[in-house]
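So the structure is just underneath, and the comments pick up after that.
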Amino acid sequence: MMTHSAYKIPVWDTITTAWHKVHGSKKTFWAAIGVMFLIIIGIAILQGIASFIGGKVPANIISGIGNAFLTILEFGFIFMGIYRAANLPINYKQLFLALNWQIIFYLIGLYVIKFLIYIPVAIVIAIGTMLMPSMLPISMLLFIIAFIAGLIISVRLIIALPLVLDQRMKPWDAIKTSFEKTRHNFWHIIGIFFLQVCIIAISMIPLGIGLIWTIPFSLINFGLVYRRLNNQASV
């Protein structure tokens, strides 16, 4: 039996499997996007009414609440990608799955911890910026170090968010689990998302028409990466 440390997420098979799962699901993803668009319009209308009646302050309050609400809804797309990756039924109502106080509380905690983790990277960038242009070589070296460190952290934290959403895992536990599950898959994850970016870029060439397929594909691909890393098995 394959041990946890030996598991390597397959790059090409993950990409092709995610692409095949787009078939029969893109209408549902785009229905959810349509619902999101209508909600955005509704918030904009409310903001306009608030501005007309009460001025800038109530309009800004509506805007802040609306942006927070939309951010939470965006996590619903991740739910849909996770469900489709596991061959579970999906529908536009899953857009609202993150509207749960426990999940919201855990998400806030997750982003606070991630912010703290990235502070050393931000400090290196700040130092590099201060040294420009008088010490350009050192500045460039610091920027390269910050980029590499940021990339490593981002890859190692790749499944922390879906762990919180899907399993309602506590923030610190999600971060530790993500670091553990991605330990031997750094370059495999880089390869998967590099190919995803290439596919999306190509799909945008013909007037962006290809995005009809590649937006659902990107969500399913992320869900599949999460499923495979977390379960250490093909889905």
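Laboratory data are not the source of any read-out in this text; all were calculated from the coordinates shown. If you're wondering where the values come from, they're calculated on a predicted model, not measured in any experiment. Cβ sites come from the backbone with ideal geometry, for glycine too, and all protein chains shown count toward neighbours.
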Matching residues in region 56-80 - criterion: being under 12 Å from Leu95 (Cβ atoms) and of a type outside the set (A, V, I, L, M): Phe69, Glu74, Phe75, Gly76, Phe77, Phe79
Subset of region 193-213 that is of a type in the set (Val, Ile, Thr) and closer than 16 Å to Trp12 by Cα - its residue that is nearest to the chain's Cα centre (by Cα): Val197
Sole residue being closer than 26 Å to Phe217 by Cα, over 17 Å from the mean Cα position of the chain (by Cα) and among the charged types (D, E, K, R), chosen from Arg168, Arg183: Arg183
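Taking the condition of being aliphatic (A, V, I, L, M) and surrounded by 15 or more Cβ atoms within 10 Å (Cβ to Cβ), how many residues in region 41-57 meet it?
Step one: list which residues in region 41-57 are aliphatic (A, V, I, L, M), which gives 41, 43-46, 49-50, 53, 57.
Next, only the ones that are surrounded by 15 or more Cβ atoms within 10 Å (Cβ to Cβ) stay: 43, 46, 50.
Going through region 41-57 one residue at a time, the tally reaches 3.
Give Pro133, Pro120 a once-over and let me know the one that is part of a helix (DSSP H, G or I), over 16 Å from the mean Cα position of the chain (by Cα) and surrounded by fewer than 17 Cβ atoms within 10 Å (Cβ to Cβ).
Details: Pro133 fails: part of a helix (DSSP H, G or I).
The conditions single out Pro120.
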Unique residue being small (Gly, Ala, Ser) and within 21 Å of the chain's Cα centre (by Cα) when the list is Ser51, Ser63, Ser25: Ser25
Residue match in region 175-198 (condition: aliphatic (A, V, I, L, M), under 19 Å from Ile113 (Cβ atoms) and assigned to a helix (DSSP H, G or I)): yes
Residue within region 84-98 that is part of a helix (DSSP H, G or I), under 27 Å from His20 (Cβ atoms), more than 14 Å from the chain's Cα centre (by Cα) and free of Cβ contacts under 8 Å to residues at least 40 places away in the same chain present: yes
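Quick check: is even one residue across region 74-90 of a type in the set (Phe, Trp, Tyr) and over 22 Å from Gln196 (Cβ atoms)?
First pass over region 74-90, keeping only residues of a type in the set (Phe, Trp, Tyr): 75, 77, 79, 83.
Right, trim to over 22 Å from Gln196 (Cβ atoms) and you get none.
No, region 74-90 contains no residue that is of a type in the set (Phe, Trp, Tyr) and over 22 Å from Gln196 (Cβ atoms).
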